[in-house]
Each structure stands twice: as structure tokens, then as C-alpha cells.
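Report on the following structure.
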Amino acid sequence: MNSKKYYPLDELKLELDKHRKTGKTIALANGGFDLVHIGHSRYLAEAAKTADILVVALNSDTSLKRLKGDHRAIIDQEGRIRIISAFQCVDYVTTFDEGTVDRVLLTLKPDFHCKGSDYTPETVPERETVKSYGGKIAIVGGEKVRSTSEIIKAIKEIGIS
């Protein structure tokens, strides 16, 4: 992968440690970003406002397949890394294979774990992990518009293949 924003998790930790030494704060947003839409754009833009540095952790192809079924990912991991890296508000991108982003959180320990408005602070799956290292949950992105699954369903209903 040749995106200047992409780093494997262990390398990203070292990169973020440099920023922390200069007093920068770090936010982490995560998701599959399998078919990028306006909700994703709002989510990332709002997440970027919570800290000095925004990291996006993408579900790997393996993780997406496990979570969403054999028909996913629609856009492969490399393509999704490139798309998310193209967002000006995104500083770094990494990937993870698990069903939740707990390992990424425990490795990077971002100041803020940003989730979309389909969550509340109480329903964020990783809330106990974030709490364990002293991080904060931030719900960002405004009202939920649509999910990728809903968009896929709508495309199928109108017969686009």
C-alpha cells in the first residue's frame, strides 16, 4: 500500500507517540466504509473536530466478510484505504481483522473514540475498553441518514447490477 496515510497498527503507534510528545490529541473513528456515502463524510468531518489528529481504523476485508456476509466487501481493502486516505480531514488510516476495534483502541489509546449517531455513549460496544485507559467517547456526525446496507438494498430494488 503506498498511501502516505496508511500504517500497520504497530507502526502507527510509533507515529502517534511522536505527536503525543508535542501535546497533540488523537481521535479514532472506525468502520467498514464499504460504500462511502454522505453519512460517512459527515462522521469523519465531525470526528476530526474532536482532536488534533484523526485516525481511521478500517475493518479489513476478512472482518467485513465475517460481520456482513460473504457478499462484502464491495470495495476491497486497498481501495477503501485509498478512498478514506483521500479525505483531507483524515490524518492516518490503519486496518483491523477483529469484529470490534478494541485491540486498536488498546494499542493506540486515542483521547477520543468517535462513533456515529446510530450509537449513544451507553451503546458503544467498546465503551469499557475506552474507559479502561481513560479515553472519552464522542458521538459525532449528526442525525443518521442511511446505512450502507440500506443503500445496497435500494440499488438491488431498482435493478442496478
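The values are calculated or read from the model by the stated rules, or taken from the named source; none is laboratory data. Keep in mind that what you see is a predicted model, and the values were worked out from it rather than measured. So basically every Cβ, Gly included, is an ideal-geometry build from the backbone, and we count neighbours across all protein chains shown. In case anyone asks, the SASA skips ligands and DNA or RNA and just uses the protein heavy atoms, side chains included. Shrake-Rupley method; radii C 1.70, N 1.55, O 1.52, S 1.80 Å.
In this structure, does T94 turn out to be among the hydroxyl-bearing types (S, T, Y), modelled with pLDDT of 95 or more and either open to solvent by less than 20 Å² (accessible area, probe 1.4 Å) or part of a helix (DSSP H, G or I) (or both)? The answer is yes for T94. Please indicate, with yes or no, whether at least one residue in the range 137-147 is of a type in the set (K, R), surrounded by fewer than 16 Cβ atoms within 10 Å (Cβ to Cβ) and modelled with pLDDT under 70. Yes - at least one qualifying residue is present in the range 137-147. Exactly one condition in (1) surrounded by 17 or more Cβ atoms within 10 Å (Cβ to Cβ); (2) farther than 15 Å from V140 by Cβ is not met by K4; state its number. Here K4 meets the rest and fails (1).
When K49, K13 are screened for being open to solvent by 40 Å² or more (accessible area, probe 1.4 Å) and in contact with a Cys (Cβ under 9 Å, 6 or more places away or on another chain), only K49 passes. Entry remark, the range 30-42: residues being open to solvent by 20 Å² or more (accessible area, probe 1.4 Å) and either of a type in the set (F, W, Y) or in contact with a Ser or Thr (Cβ under 6 Å, 6 or more places away or on another chain) (or both) number 1 in total. When the range 40-87 is filtered for residues that are free of Cβ contacts under 8 Å to residues at least 24 places away in the same chain and within 19 Å of F112 (Cα to Cα), only H40 remains.
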